1. Looking only at segment 27-39, filter to residues that are out of contact with any Phe, Trp or Tyr (no Cβ under 8 Å at 6 or more places or on another chain) and surrounded by 14 or more Cβ atoms within 10 Å (Cβ to Cβ); which one of those is nearest to Cys62 (Cα to Cα)?
2. Could we say that Lys5 is modelled with pLDDT under 95, over 20 Å from Lys84 (Cβ atoms) and not in a loop (DSSP other than H, G, I, E, B) here?
3. Within segment 93-130, can you find the residues that are surrounded by 12 or more Cβ atoms within 10 Å (Cβ to Cβ), modelled with pLDDT under 85 and part of a helix (DSSP H, G or I)?
Amino acid sequence: MKTIKAAEKKLADACFDLAKMAKWRPEPFDKKEVDNVAKEFFRIAMLSIPEMDGDRLAGIKCICGAVELLRVTLCYPEFEEPEKWFSSSLDTLMGIVNPVYILESKLGIEFLSDLERGIKILRREKEEGQ
């Protein structure tokens, strides 16, 4: 992702892929409904871009990763509106990327250590698998 425009296109594509999963049904689905959800996901994602030392491209890349994580782990609750679920999920992930409030508690700091440990395990497994 070399330019902001290319990064935004990649983000829009990631939002569309997630919307397809969130609105998937065994019977034929309404593409217009998926398009509308994807557009709303993209709007929410653009509003959620974290500050990455003033580097907007890095912020968009971070949001793309978060959207991909949500797509891969998709724990979408059926009873909730996809837009509300997406917004609260992104808020949670961006709170981890940019931890402000969690640092105010001992448990929060310990949780960040747990996240670091989990990330190290994933990276090690990825490296060993290559």
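The values are calculated or read from the model by the stated rules, or taken from the named source; none is laboratory data. These figures come from a predicted structure and were not determined experimentally. Here the Cβ positions follow ideal geometry from the backbone for every residue, glycine too, while neighbour counts run over all protein chains shown.
1. Within segment 27-39, the subset out of contact with any Phe, Trp or Tyr (no Cβ under 8 Å at 6 or more places or on another chain) is 27-33, 36-37, 39.
Adding the requirement that they be surrounded by 14 or more Cβ atoms within 10 Å (Cβ to Cβ) leaves 36-37, 39.
On the way: Asn36: 23, Val37: 21, Lys39: 19 Å.
Taking the candidates together, the pick is Lys39.
2. Numbers: modelled with pLDDT under 95: yes; over 20 Å from Lys84 (Cβ atoms): yes; not in a loop (DSSP other than H, G, I, E, B): yes.
So Lys5 passes the test.
3. Filtering segment 93-130 down to residues surrounded by 12 or more Cβ atoms within 10 Å (Cβ to Cβ) leaves 93-99, 102, 108-109, 111-112, 115.
Still in the running and modelled with pLDDT under 85: 95-99, 102, 108-109, 111-112, 115.
If the condition is that a residue be surrounded by 12 or more Cβ atoms within 10 Å (Cβ to Cβ), modelled with pLDDT under 85 and part of a helix (DSSP H, G or I), then Gly95, Ile96, Val97, Ile102, Gly108, Ile109, Phe111, Leu112, Leu115 are the ones that fit.
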